[in-house]
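Right, I'll just put the structure down here and ask away after.
The values are calculated or read from the model by the stated rules, or taken from the named source; none is laboratory data. Just so we're clear, the structure is a prediction, and the values are computed from it rather than from any experiment. Neighbour counts are summed over all protein chains in view; Cβ atoms, including those assigned to glycine, are modelled from backbone coordinates with ideal geometry. SASA here: full protein model, heavy atoms, side chains in, ligands and nucleic acids out. Shrake-Rupley method; radii C 1.70, N 1.55, O 1.52, S 1.80 Å.
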Amino acid sequence: MSTKKTNDIWGLWRDIVSDDGIYVVDSQQRILFWSKSAQQILGHPPEAVIGRLCYEVIGGRDARNFQFCRRNCPTIVNARRGRSTPNYDVLCPSNGGELKWINISTAILKYEDYPLQVLHMFRDVSHRRHIEESAQRVATKLRQVIEEDINPSVWQEEPGCPPLPKLSTRETETLRLLACGQSTREIAASLGVKPITARNHVSRLLLKLGTETRLQAVLFASRHHLI
């Protein structure tokens, strides 16, 4: 496959997901392509990373501080076997030293007359991760309160109680924001919606959980490990 044709394919991906950072690596994990949006997110210019090993540039670690980005990482091993890898979050340093959480999706680029390549699309999810971590801290504190038997009797479970409600992704996001103590306007800003829409999300969430107040919703969610 010609270099021009390859660049045309990469350019097509870049145009379709212009807000995502994009980079392409070969089977040996050397960076072949680095988009302008990738530079905007992580600060590395293309000329500084092309030809380098991706794990040296990204340096991503997971939530347990384990070095996910490394030689023969799970993503490249799966790609060599023709298997896809579910999207994942890693914490990595930007060119300026700032730590950012990014979510990475991958696609295998394999052609009959061209070696294996793996396309990575990533976006900055630091805000989401900070909210999740804050909500988790709140949930942990609430569970400690509940375990000390000073929780309202309304949360005592009885035999034969109905199964827990299944929450949508948006409902879970709203619940985490409530756990962080955000107001309706703050929730709207975090979700990128209008305040009336955020208010509707909260109302439907309370109805689904069978609670009357936001505090009760957070207590219920904490007790049942929904956050």
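Just to be sure I understand the filter: pairs with C-beta atoms under 8 Å, separated by 6 or more residues or on different chains, first member in the range 203-227 and farther than 14 Å from Glu171 by Cα and touching a residue at least 60 places away in the same chain (Cβ under 8 Å), second member open to solvent by 60 Å² or more (accessible area, probe 1.4 Å) and β-branched (Val, Ile, Thr). Which pairs pass?
Gln216/Val154
If you check Ser153 against the conditions, is it exposed (fewer than 14 other Cβ atoms within 10 Å of the Cβ), modelled with pLDDT of 85 or more and over 27 Å from Arg61 (Cα atoms)?
no
So, in the range 24-49, exactly how many residues are surrounded by 15 or more Cβ atoms within 10 Å (Cβ to Cβ), part of a loop (DSSP other than H, G, I, E, B) and touching a residue at least 40 places away in the same chain (Cβ under 8 Å)?
So the answer is 3.
Starting from residues that are at pLDDT 90 or above and β-branched (Val, Ile, Thr), keep the ones in the range 191-201 and report whichever is most open to solvent (accessible area, probe 1.4 Å).
Among residues in the range 191-201 that are at pLDDT 90 or above and β-branched (Val, Ile, Thr), the one most open to solvent (accessible area, probe 1.4 Å) is Ile196.
Taking the condition of being within 15 Å of Gln136 (Cβ to Cβ) and not in a loop (DSSP other than H, G, I, E, B), how many residues in the range 167-182 meet it?
So the count comes out to 7.
Suppose we filter the range 108-124 for residues that are open to solvent by 20 Å² or more (accessible area, probe 1.4 Å) and either at pLDDT 90 or above or on the phi > 0 side of the Ramachandran plot (or both); how many remain?
So the count comes out to 4.
Right, next: Hey, could you check the range 66-101 for residues that are assigned to a strand (DSSP E or B) and crowded, with 17+ Cβ neighbours inside 10 Å and say which is farthest from the chain's Cα centre (by Cα)?
Taking the candidates together, the pick is Cys92.
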